[in-house]
Structure formats: C-alpha cells, structure tokens
Amino acid sequence: MVKLTSISRTYNKGTPNAVEALKGVSLEVNEGESLAVMGVSGSGKSTLLYIIGCLDKADEGSFELDGEDVSRKLSDQLSRIRNEKIGFVLQDYGLIPEKTALENIMFPLAFSKGVSYKEMKRQAKKISEFVGIAELNRKRVSRLSGGQQQRVAIARAIVNSPKLILADEPTAALDHKTADRIMELLLSLVNEGRTLIIVTHDKRIADMCSRTVYISEGVITEGE
Amino acid sequence: MKLIWRTLHELKSSRFSTVLIIIELIFSIVCYQLCFSLTKDYLGLRSFFADNYEGNSVRVYFNDDDLKQPAALTESISPEQSFTVKHYMSEHDDGIFISCFSDEAFKIAEEAGSITVDLDADYNGAQPCLVSRTIADKYPAGQEHAIAGRRFYVCGVLPNDTVFYMSTAGTGSAFVMASDRFKAPGAEFVNGCVFMKVGSERMNEVTARLDMAEGIAGYERFVPDDALKKEFAAVSGILIIGVWIAVISTIGLLANNYLTYKKNERNYLVMITIGAKKRDITVLYLLRMLVCIAIALPLSFGASKQFAAWQGTQLAGGISIAFAVGAAVVIELLSAVMIAVGFMRKKSILPKSA
Ligand SMILES: Nc1ncnc2c1ncn2[C@@H]1O[C@H](COP(=O)(O)OP(=O)(O)OP(=O)(O)O)[C@@H](O)[C@H]1O
Ligand SMILES: [Mg+2]
C-alpha cells in the first residue's frame, strides 16, 4: 500500500534554520496492516505522515502509494488522491468548528467528483451512524467533547471510503476509556481491509496495532 | 448544487466578517462618493479662481436647481420670468456685484434703492446684484457693509459693457448676462442686456463666445472675494477630511479582507487536507467576495442617495456615486484577487497553522 524509499525532508532547506526532519526513511506498509509510529516529540512523526498523506513532498527518495509513484505528481492530482484514497485524522481533529457534525462529515464529498448533494447527505448520515454519533449530527462541532470531535474527525476521514487512514495522535487528548473506544473504531476499519497508520506516544495504543516502528531524529527503526 | 452548498457554507462559517465586509463596502462607497463630489466642487472652485486670476473675467459659481433644467439651446428668456430686475445695467455706467449673506439682506438692499438680479438659492448665499452708480459709490467694493442692520459684502465692481456669467461648477448649465455686442444668435436684447439660459450642451460654445468677448473688452482684474475664498477653504478642508476617511475606510476594507482570510486559512488548509484543490478554495473565496459585493451594491446606492440628499444637492451627482461604487468594487476585487493569488502561490499546505 505504502512504499517509502530513502525519503528525506528538510524544512527551510538552504537557510540557517534548516531542520532535517526525515533522513533517508524507508518504510513499507501492506494493505490491511495497522502500523503504529512512535517517537519523541520533534522526531519527525507528523512530517512522515504528511508525506504519506500527500500533503508535503519529500526532497529526496521515492514514494509509492497504492502502486502509483506519487513523488512526481502535480498538486491537483495529489488533491484527487487525498480525496479518494486517504482519510486524514489530524492531530487537533482539524474540524471546522462553526459547522455541524454532519456538515463536517459531508465536506470531503463536496470536493469529490460525481457525488450528488443527495448522495453526500445520505453517505454522511450512514457513516455517522456507523461511528455512533448519529444523535450529534445537527450539533455544532465546537460544542462537542474531545471524544465526540474525534469520532466526527474519524467519520469525516472515512466518508470517502479511503483505502488508507492516517491518524496523528488520535487519542492524545482522550482518557483511557474513550481512547480505547476510538481505537476499537479505527481497528474495526482495518478489519474491513483498510490500512491504518497511526502516530502515537502511547505504548498501550501502539500495542493494539499489528506493527510498530520508531522514529528518532528522522531515522526509522523497526520493532523494539 | 454542490458549489452552492460550499459557497453557502463559506458565507455562513464567517458570517460576522461577511456582514462586516458588506457594511464596510457600503461605508467606503459613501466615503468615496463624498470624496468624489467634493473633488468635483474643489476642481470647480479651483477653475473658478484660476479663471479669475488669469482671464480677468468675472465668474460666479452657484448652484441652482433651475439652472440644471436642460434648456437645450441658447434660449432667450425675458428677465421677468426668472429675475427680479428693476433697472438694467445699460442705464448706468457701472454695475456692482454684491454678495449678501442672506435673502433678507437682499430685499433690504432692494428697498434701499439698489437694483437686483435675484438668481435665488445661489452658492454660499451670495446674491449677485446690480445697483446704480450712486449706490455703487456708497458701498465700495472689497468691504463689508450693512443696510438696515443686515450685513453684506461687496465683491467687486464691474465696468459697463461687462459680460459675466454664472454657472454651476463647470458641469451644469449657466446663466449668462452679456451686452448686445456678444449676445448669442437668437437671444433677445432686453433693456441693454441679454439674459440667456444656456443648456449644458452649449456650455462650450458659450464659454468660447464669452472668452472672445472678454478678450475684446479687456477687463479689470477681479480679485475673488473673501466669502468665496472661505468657501474654497471650507471645501478643501472637507475634502481633506473626506480623503482621510476614504483612506481609512480603504485600509479597513483591506485589513478586514485579509483578517477574514487569515481567520479562515486553517479551515481552507483543512479542506485541502481532505482533498480540495487549491483552485476550489480560491473559487470559494472569490465567490464569497462577489456575493458580498452583490449585496453591498444596491444597499450602497441607497445609502449614497440618502447621504447625498442629506448633504444637499451639491453632492447628489450620479457620476460621483458611480465613481464611488466603481472605486470600492475595484479595491475590493483587487484585494480579493491578491489574497487569492497569494493563496494559490502558498507553498506549504500543512494544516498545522493552528
Ligand atoms: N513547517 C515546519 N518548518 C520548519 N520546521 C518544521 C516544520 N514542521 C516541523 N518542523 C521541525 O521538524 C522536526 C520534526 O517535526 P514533526 O512535526 O514531524 O515532529 P513530531 O514527531 O510530529 O513531533 P510531535 O510529537 O511534537 O508532534 C521538528 O524539529 C520540527 O521543529
Ligand atoms: Mg506531530
């Protein structure tokens, strides 16, 4: 599903405050796998996720997603890929606070081709039910609790039925019980055949995944 | 349908700033209109002074709604129709031009034996007035006088055979009073003077004719009176204030546009994360601006009209409203496009600005 080969990413390249966030990272994630990415703060976890999520481009190395080489694609094509193949659960949920839960869930469909407005609504309702937040549909997101917002974010991430789900510390702000339920939800998606890559600080969460990698100062190590 | 849905959401999600943009647009348009109409007055007065200093002519500007009625051709009218004229210039060697501070002063001047040409509701309350030689001698030019307690100011003395005309600030029609030698074809000669009502279409022709007349006659230099100087100062004063208000409202408009964008930037980046193209976002943003403009336009037309009415006819020019609306729309669109271009060229699309 995901194949990174010697990926490097340097922020502010060529300036005095250049930061080498990733240094020649190679990583392969198979379809149906759930991968936890761990590492201390600033080690490059989010950067890795942004690259896999086609939001940022590597300076060096090659990146294949679902059998396609994406490192040379144009930004509009990348938008298309993000819209169709990737579901992003952002570090701070990344919801639009003034809108209702249902509207937030509908949004990715508003930017995808060939989905009618009716279909958008129907699909979003179906997903929100699946995620267990149907009763929150009409509530504004800014009024929801952290756990509820996280569910909305997950619903939004999967409304387009993406093959790959990327989650940046989805449980960081949640208590154990809520975190477990969120993980249950995410892993149930993996059981449906999707691929999950999850960034976490929490060993407990990582242990629920089928595989764990560690990043330290932009370098990746497998297993322990 | 989906585009409408997206645009509605864009408008809804920043309801407050959308309303603010609309209000600011209306405010700017009214400000610009004030500026433009003041500029018009200012330039009118400027040209008035310039003419007086350079052309040795006597020109008095005033506003009179009657004058704006389009009498297409140079039309001879009987003085009784428009003026109260007791005596005429030709009966005396000199005429005198008086600026009074009120209509009453004028009546009193009349009662005192002066001869008046009352053109009504003129600029700054100034009333042109023809008087006899004796009265002219009694009230020297360049000084303030009083008749029965009413103050008035004598601007200057016109030699006999004088041509003078009064017009609105170069754009409207004008009343022209000329001696026989320079009367327009078809104009009737009444008691030594011709009173012509000139439609604005004929202004150039009449101006040329008058310039010619002035050239032949070779008049004394006429120094603008204090009242007009004051008027000039007042108009330029308000104009400066108007320009400042317009500048401030422009800055407000630009700042608000930028802040609205900044406030929404995170949402835009989130939308990009979930698969929107940069172009989608730009279209959304520009559509929102267009909706704002579309709402603000009719409202600001109304507001400008109200404002003009409140300010008096001087500001009611449709041209200045059109200019104002044009300026505001151009500024709004330009800033929106600049922000949109900035967004299109933005390198990082990572949704971590929050
Ligand atoms: N946009 C950026 N510009 C410059 N430097 C950046 C940028 N984003 C991240 N960095 C730097 O790159 C390094 C890796 O950052 P990254 O966000 O990937 O870390 P992280 O592992 O996700 O940390 P955290 O656990 O705190 O989220 C850090 O040193 C960070 O300061
Ligand atoms: Mg991070």
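The values are calculated or read from the model by the stated rules, or taken from the named source; none is laboratory data. As the structure is a prediction and not an experimental result, all values here were calculated from the model. Don't worry about glycine lacking a Cβ; one is built from the backbone with ideal geometry, like all the others, and counts go over all protein chains shown. All accessible areas refer to the heavy atoms of the entire protein, side chains included, with ligands and DNA or RNA removed. Shrake-Rupley method; radii C 1.70, N 1.55, O 1.52, S 1.80 Å.
Hey, got a sec? Which trypsin sites (Lys or Arg not before Pro) in region A:156-213 land in a DSSP loop and have at most 12 other Cβ atoms within 10 Å? Don't skip to the end; give the middle numbers.
On the way: sites: A:ARG156, A:LYS163, A:LYS177, A:ARG181, A:ARG194, A:LYS203, A:ARG204, A:ARG211; in loops: A:LYS163, A:ARG194.
Sites meeting the loop and neighbour criteria: none at all.
Which percent, to the nearest 5, of DSSP beta bridges fully inside region A:2-223 are antiparallel?
Details: 20 of 37 bridges.
Once the DSSP bridges in region A:2-223 are tallied, antiparallel ones form about 55 percent.
Measuring from centroid to centroid over Cα atoms, what is the spacing of region A:15-85 and region A:192-210 in Å?
17
Sorted from largest to smallest, which semi-axis lengths in Å does the alpha carbon gyration tensor of region A:116-171 give for its equivalent ellipsoid, taking the root of 5 times each eigenvalue? Each step should come with its number before you reach the end.
Numbers: eigenvalues 65, 53, 14 Å².
Working through the eigenvalues yields semi-axes of 18, 16, 8 Å.
Determine, from the Cβ-Cβ distance of B:MET344 and A:GLU28 and an R0 of 35 Å, the FRET efficiency 1/(1 + (r/R0)^6), rounded to the nearest 0.05.
Numbers: r = 35 Å, r/R0 = 1.00.
Rounded to the nearest 0.05, the efficiency is 0.50.
Could you compute the FRET efficiency for B:LEU8 and B:ILE240, with r as their C-beta to C-beta distance and R0 at 51 Å, rounded to 0.05? Before the final figure, lay out the partial values.
Working: r = 43 Å, r/R0 = 0.84.
Taking R0 as 51 Å, the efficiency between B:LEU8 and B:ILE240 is 0.75.
Counting only protein chains, not ligands or nucleic acids, how are A:MET106, A:MET208 ordered by accessible area (probe 1.4 Å), most first?
Numbers: A:MET106 5, A:MET208 65 Å².
Result of the area sort, largest leading: A:MET208, A:MET106.
How about region A:129-209: which GluC sites (Glu not before Pro) there lie in a loop by DSSP and see at most 16 other Cβ atoms within 10 Å? Write out the running numbers ahead of the final one.
Working: sites: A:GLU129, A:GLU135, A:GLU184, A:GLU192; in loops: A:GLU192.
Within region A:129-209, the qualifying GluC sites (Glu not before Pro) (loop, at most 16 other Cβ atoms within 10 Å) are A:GLU192.
Taking Rh as the Kirkwood radius computed over C-alpha pairs, what is the Stokes-Einstein D of chain A at 10 °C in a medium of viscosity 1.306 mPa s, expressed in µm² per second?
Details: Rh = 17.8 Å.
D, rounded to a whole number, is 89 µm²/s.
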